[in-house]
1. Filter segment 209-229 for residues that are touching a strand residue (DSSP E or B) at 6+ places or on another chain (Cβ under 6 Å), closer than 24 Å to G175 by Cα and either at pLDDT below 90 or open to solvent by 60 Å² or more (accessible area, probe 1.4 Å) (or both) and give the result.
2. Considering segment 13-43 alone, what residues qualify as being more than 26 Å from K120 (Cα to Cα) and open to solvent by less than 30 Å² (accessible area, probe 1.4 Å)?
3. Can you list residue pairs whose Cβ atoms sit under 6 Å apart, with the first residue in segment 5-27 being in contact (Cβ under 8 Å) with a residue 12 or more places away in the chain and more than 24 Å from K108 (Cβ to Cβ) and the second being among the acidic types (D, E) and open to solvent by less than 100 Å² (accessible area, probe 1.4 Å)? Count only pairs 6 or more apart in sequence or on different chains.
4. Condition first: modelled with pLDDT under 90 and farther than 18 Å from S116 by Cβ. Now tell me which residues in segment 14-40 satisfy that.
5. Looking at R16 and the list (1) over 33 Å from the mean Cα position of the chain (by Cα); (2) charged (D, E, K, R); (3) part of a helix (DSSP H, G or I), which single condition is not satisfied?
6. Kindly list, by first and then second residue, each pair from a residue in segment 253-275 that is in contact (Cβ under 8 Å) with a residue 24 or more places away in the chain and hydroxyl-bearing (S, T, Y) to a residue that is open to solvent by less than 60 Å² (accessible area, probe 1.4 Å) and part of a strand (DSSP E or B), limited to pairs with Cβ atoms under 9 Å and residues at least 6 apart or on different chains.
7. Of the residues in segment 143-185, how many are among the acidic types (D, E) and over 19 Å from V200 (Cβ atoms)?
8. Go through segment 276-294 and give me each residue that's among the aliphatic types (A, V, I, L, M), at pLDDT 90 or above and out of contact with any Leu (no Cβ under 6 Å at 6 or more places or on another chain).
Amino acid sequence: MAKSSNQKLKLLYLMRVLLERTDEEHVMSMNDILEYLKSCGIDAERKSIYDDIEALRTFGIDIVNKKDRPSGYYIGLREFELPELKLLVDAVQSSKFITTKKSDELIKKLESLAGSNQAKKLQRQVYVTNRIKTMNESIYYNVDDLHEAISGNKKITFQYCEWTTDKKLVPKKRGELYNVSPWALNWDDENYYLIGYDNVAGMVKFYRVDKIKKINILEEKREGLEHFEKFNTADFSKKTFGMFAGDEQIVTLDCSEKLIGVILDRFGTDVSVRNAGNGVLKVRVSINVSPQFFGWLTGIGSDVVVTSPEGVVKEYKEYIKKILEKY
């Protein structure tokens with residue numbers, strides 16, 4: 001039989017329709033496949049389709065031939081299973097640092113990995129919540145630029161922004177460029193942060209990635225290596241509350257036994273915990289002491305007490321006193 005102009009694309013069309021339309025609950029019979037190819041301008045014989053399916057299997061695509069009714073072909077194992085895609089979709093949807101527009105684009109791409117029928121289950125997952133999202137569309141590309149600068153060992157400059165009372169994100173310091181050596185990216189409290197060395201101030205600082213604009217990668221090598229040679233992002237996140245810097249100190253807390261879950265969730269299972277009796281736990285932890293740490297303590301209430309060092313106890317008392325003065 002004469003070959004149509006699309007004949008060379010037959011294998012690709014076959015692969016696409018199986019990936020898009022089939023799963024264990026939705027199969028395509030040989031007649032369905034032939035009709036689909038015909039709609040694409042391709043006339044094919046059954047034998048050639050059998051050969052194509054074997055070629056796709058050899059290539060690594062798991063095509064299953066279901067014998068019982070309704071019989072037909074479908075994609076078995078995929079690169080990502082549906083529960084894995086649901087986790088990825090929820091992560092994208094819940095991330096405040098990804099704009100609504102970019103979230104929708106990413107989720108549509110994730111849906112394409114599932115096939116059209118299972119994609120409907122992902123769509124139901126998408127609309128579970130309506131979380132606040134960032135308005136900075138450039139964050140999607142900021143992350144890429146920051147990774148490039150980090151891997152290339154390069155300094156960067158950028159504008160850092162803040163919100164005004166009329167809800168506009170404007171550059172701080174009248175648009176003056178920040179000169180920073182980027183060393184790590186950290187996802188904390190649903191926000192993305194750049195951890196870098198301020199080349200002018202000579203200290204480690206944190207920057208919300210969604211508030212960064214106009215990144216420029218310089219040819220100069222990064223500074224601040226001595227601060228990051230043994231840097232561990234996981235340990236850093238345990239010590240830092242809300243990515244606000246503070247003096248790192250060993251703090252002792254007297255906690256109710258019922259808070260053991262809260263303590264381990266916050267500081268990890270390596271934290272020092274000793275049973276002091278009478279339902280009290282002695283917890284020693286390294287913390288960057290800051291108002292955000294005190295806010296965390298206050299939120300827990302009287303079931304946790306700072307007992308040392310004395311300087312931190314005094315700071316916490318002053319923190320509570322200033323709050324009470326407002327009432």
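1. Narrowing segment 209-229 to residues touching a strand residue (DSSP E or B) at 6+ places or on another chain (Cβ under 6 Å): 209, 211-218, 220, 222-224, 227-228.
From what is left, the residues that are closer than 24 Å to G175 by Cα are 209, 211-218, 220, 222-223.
Of everything in segment 209-229, those that are touching a strand residue (DSSP E or B) at 6+ places or on another chain (Cβ under 6 Å), closer than 24 Å to G175 by Cα and either at pLDDT below 90 or open to solvent by 60 Å² or more (accessible area, probe 1.4 Å) (or both) turn out to be V209, K211, K213, K214, N216, E220, E223.
2. I42
3. Taking only residues 6 or more apart or on different chains, the pairs are L11/D52.
4. Listed by number, the list is empty, since nothing qualifies.
5. With (1) over 33 Å from the mean Cα position of the chain (by Cα); (2) charged (D, E, K, R); (3) part of a helix (DSSP H, G or I) applied to R16, the lone miss is (1).
6. Close Cβ pairs satisfying both conditions: S256/V280; S256/L281; S256/V304.
7. To start, the set of residues in segment 143-185 that are among the acidic types (D, E) comprises 144-145, 148, 162, 166, 176.
Now narrow it down to the ones that are over 19 Å from V200 (Cβ atoms): 144-145, 148, 166.
Residues meeting the conditions: 4.
8. Taking segment 276-294 and keeping what is among the aliphatic types (A, V, I, L, M), we get 276, 280-281, 283, 285, 287, 289.
The next check asks that each one be at pLDDT 90 or above; those that pass are 276, 280-281, 283.
A276, V280, L281, listed by residue number.
The values are calculated or read from the model by the stated rules, or taken from the named source; none is laboratory data. Keep in mind it's a predicted model, so treat the numbers as computed, not measured. Methodologically, a virtual Cβ is constructed for each residue, glycine included, from the backbone with ideal geometry; neighbour enumeration extends over all protein chains shown. Just the protein is used for accessible areas: all its heavy atoms, side chains included, with ligands, DNA and RNA removed. Shrake-Rupley method; radii C 1.70, N 1.55, O 1.52, S 1.80 Å.
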